[in-house]
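Everything below concerns the one structure shown next.
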Ligand code: MN
Ligand code: MN
Ligand code: MN
């Protein structure tokens with residue numbers, strides 16, 4: 001079995017379900033030899049993941065997935081190889097997590113007004129360092145208020161639904177700069193998933209590259225070959241490296257399998273060649 005890598009994963013420090021140590025254990029089972037932990041807006045899992053990787057002989061890349069605003073849209077930027085103790089990045093994450101907490105709190109207020117049990121939702125959704133709507137969705141499922149995560153978003157949590165509160169994120173150049181200042185490489189996450197036209201995606205990629213971005217997620221688990229080709233040509237056009245990963249959140253979501261995705265096209269420079277050893 002060939003050695004595998006995965007540069008986009010989540011633990012229970014954000015909206016994943018596994019502890020950092022359990023994530024590393026699963027990575028080992030899947031023959032992953034190079035692993036980045038990229039929780040949403042928090043570095044809190046990096047120490048435990050690093051420790052577990054060292055014990056298992058897996059190379060660990062400290063990472064983070066930062067949310068940002070670009071032209072009124074929510075865009076995700078991965079930071080790879082960041083120093084998880086860098087004070088500027090830690091302060092950024094702390095401020096964003098505080099806003100996340102306020103947002104989830106406000107959403108719980110709306111859900112309570114719609115007749116749902118606030119205390120039960122708060123207990124489940126506000127325990128992670130980086131609370132997300134997915135935490136609310138899981139709490140709604142566990143409490144029997146929704147049959148699935150998708151339905152929870154559809155009925156309660158997405159824009160225009162009773163529990164929705166808009167998020168405010170830092171601007172894209174600010175986020176790229178934070179990652180670079182912490183010694184990391186900035187990677188535009190899942191470019192194929194944004195509801196953008198081809199022209200808008202090219203503009204976004206150009207601005208990301210000008211802001212100091214290093215790479216695009218060219219191959220992600222579950223991505224079709226057509227999208228892979230489209231993102232690969234964007235990467236080539238802007239001189240960006242290619243990153244790969246699963247965006248793994250939980251073992252029960254088989255469409256985001258840890259360590260499984262198509263290999264990078266030959267013409268794409270792998271971002272791993274630019275990471276510090
Ligand atoms: Mn997530
Ligand atoms: Mn994302
Ligand atoms: Mn992710």
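Condition check ((1) outside the structural domain of residue 18 (by TED's automatic domain parsing); (2) in contact (Cβ under 8 Å) with a residue 12 or more places away in the chain) across all residues:
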residue	(1), (2)
78	no, yes
87	no, no
108	yes, yes
117	yes, yes
148	yes, no
151	yes, no
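So that you can scan it fast, the table gives a plain yes or no per residue for (1) within 30 Å of residue 28 (Cα to Cα); (2) more than 16 Å from ligand 3 (Cβ to nearest atom); (3) in contact with a helix residue (DSSP H, G or I) (Cβ under 7 Å, 6 or more places away or on another chain); (4) assigned by TED's automatic domain parsing to the domain that holds residue 17:
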position: 206; (1), (2), (3), (4): no, yes, yes, yes
position: 211; (1), (2), (3), (4): no, yes, yes, yes
position: 258; (1), (2), (3), (4): yes, no, yes, yes
position: 261; (1), (2), (3), (4): yes, no, no, yes
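Suppose we filter 192, 237 for residues that are part of a helix (DSSP H, G or I) and surrounded by fewer than 14 Cβ atoms within 10 Å (Cβ to Cβ); which single one remains? Can you show your working first?
Working: 192 fails: surrounded by fewer than 14 Cβ atoms within 10 Å (Cβ to Cβ).
Among 192, 237, only 237 is part of a helix (DSSP H, G or I) and surrounded by fewer than 14 Cβ atoms within 10 Å (Cβ to Cβ).
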Practice task
Determine whether residue 265 is in contact (Cβ under 8 Å) with a residue 24 or more places away in the chain, assigned by TED's automatic domain parsing to the domain that holds residue 23, within 17 Å of residue 6 (Cβ to Cβ) and assigned to a loop (DSSP other than H, G, I, E, B).
Solution key: no
Exercise for the section: Would you point out which residue out of 55, 49, 21, 36 is modelled with pLDDT of 95 or more, more than 14 Å from the chain's Cα centre (by Cα), crowded, with 23+ Cβ neighbours inside 10 Å and more than 26 Å from residue 143 (Cβ to Cβ)? Expected result: 49
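Scan the stretch 20-42 for residues that are within 16 Å of ligand 1 (Cβ to nearest atom) and out of contact with any helix residue (DSSP H, G or I) (no Cβ under 6 Å at 6 or more places or on another chain) and report the count. Can you show your working first?
First, pick out the residues of the stretch 20-42 that are within 16 Å of ligand 1 (Cβ to nearest atom): 20, 23, 36-42.
Restricting the remaining residues to those that are out of contact with any helix residue (DSSP H, G or I) (no Cβ under 6 Å at 6 or more places or on another chain) gives 23, 36, 38-40.
Result for the stretch 20-42: 5.
Please give the helices (runs of 4 or more DSSP H) falling wholly within the stretch 99-165 in which 3 or more residues are on the phi < 0 side of the Ramachandran plot and touching a helix residue (DSSP H, G or I) at 6+ places or on another chain (Cβ under 7 Å).
Values: elements: 118-125, 133-142, 149-152.
Passing ranges, in order: 118-125, 133-142.
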Exercise for the section: Take the residues in the stretch 240-250 that are out of contact with any helix residue (DSSP H, G or I) (no Cβ under 7 Å at 6 or more places or on another chain) and assigned to a loop (DSSP other than H, G, I, E, B), then tell me which one is farthest from ligand 3 (Cβ to nearest atom). Expected result: 250
Practice task
Just need a number here: residues in the stretch 1-18 that are more than 17 Å from the chain's Cα centre (by Cα) and within 13 Å of ligand 3 (Cβ to nearest atom).
Solution key: 0
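Considering 65, 74, which residue is outside any helix (DSSP H, G or I), buried (at least 23 other Cβ atoms within 10 Å of the Cβ), within 16 Å of ligand 2 (Cβ to nearest atom) and assigned by TED's automatic domain parsing to the domain that holds residue 11? Spell out how you get there, then give the answer.
On the way: 74 fails: buried (at least 23 other Cβ atoms within 10 Å of the Cβ).
Answer to the check: 65.
The values are calculated or read from the model by the stated rules, or taken from the named source; none is laboratory data. Predicted, not measured: the structure shown is a model, and the values here were computed from it. FYI the Cβ positions are ideal-geometry reconstructions off the backbone, even for glycines, and counts take in every protein chain you see.
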